[in-house]
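Read the structure below first, then the notes.
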Amino acid sequence: GIMLGDGHISHFQTIVTLGTKELPYVRYVQELMQELFKVKATISIKRSGYRDVYIGSTLITKWLKAQGLVSNKVAAQVGVPKWIMRNKTYMRAFARGFFDTDGSVYNLRFGIQISLTNRSAPLLIALQDMLRKLGYRVSEASAYKVYITRREDVERFFKEIAPANLKHRRRFDKFSRRYPSG
């Protein structure tokens, strides 16, 4: 999910580029990459302030491509690898990583909304299907976004999917206090 959100695969490197206000999440991704691949993941800071978490390894890039990932997900109009769609544990983990990188939590006039954004139509359609298989009521894909708006689904998403990106959890907590359930 993280890779299809903010990730990139070159011939030599696996890279995740994260925002300027996400340092705790940057460290989380670094630790996750190190745990998964058993190699050192490095953090570099761009002039823009964005941070890259990367691993230099052609073996890892070849393996990721064999798992269904591509160098340019938008140009390739890639979807979610089929092996993820066959297992609810993998679907939840994918949804977490994708939301952490390409998701948002919004304050609506009378509630809270989750959006997931990507310019790959097959990816959004697969994500919509995945969320429905997990029991969420989700909007149709439109304008490169999919939404979860029903309060009980938003609350369940934060409980079951358990986003790891602190900026999303903080926004959800802030908006939840504004609109307590019940």
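The values are calculated or read from the model by the stated rules, or taken from the named source; none is laboratory data. Computed from a prediction, not measured in an experiment: that's the story for all the values here. Please note: Cβ atoms are built from the backbone with ideal geometry, for glycine as well, and neighbour counts cover all protein chains shown. Side chains included, ligands, DNA and RNA excluded: accessible areas come from the protein's heavy atoms. Shrake-Rupley method; radii C 1.70, N 1.55, O 1.52, S 1.80 Å.
The table below lists the values:
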read-out	value
Mean separation of Cα contacts under 8 Å (6+ apart) over length of segment 50-156, as relative contact order %	22 percent
Extension gain (nm, one decimal) between residue 32 and residue 10, 0.36 nm per residue minus Cα-Cα	6.0 nm
For segment 69-129: rounded, prolate or oblate by the Cα gyration tensor [a/c cutoff 1.5]	oblate
Listed residues 163, 122, 24, most fluctuating in the chain (Gaussian network, C-alpha, under 10 Å)	24
1.4 Å probe accessible area per residue over segment 1-42, in Å²	53 Å²
Label-point separation, residue 85 to residue 156 (7 Å along Cα→Cβ), nm	2.2 nm
Relative contact order of the chain, defined on C-alpha pairs under 8 angstrom at six or more residues apart (%)	22 percent
Helical contribution to [θ] at 222 nm, DSSP H n ≥ 4, -39,500 (n - 2.57), averaged over the chain, rounded to 500	-13000 deg cm²/dmol
Sulfur and carbon atoms: percent of accessible area, segment 81-171 [1.4 Å]	52 percent
Among 47, 150, 137, residue whose mean-square fluctuation peaks in a GNM of the chain (springs only between Cα atoms under 10 Å)	47
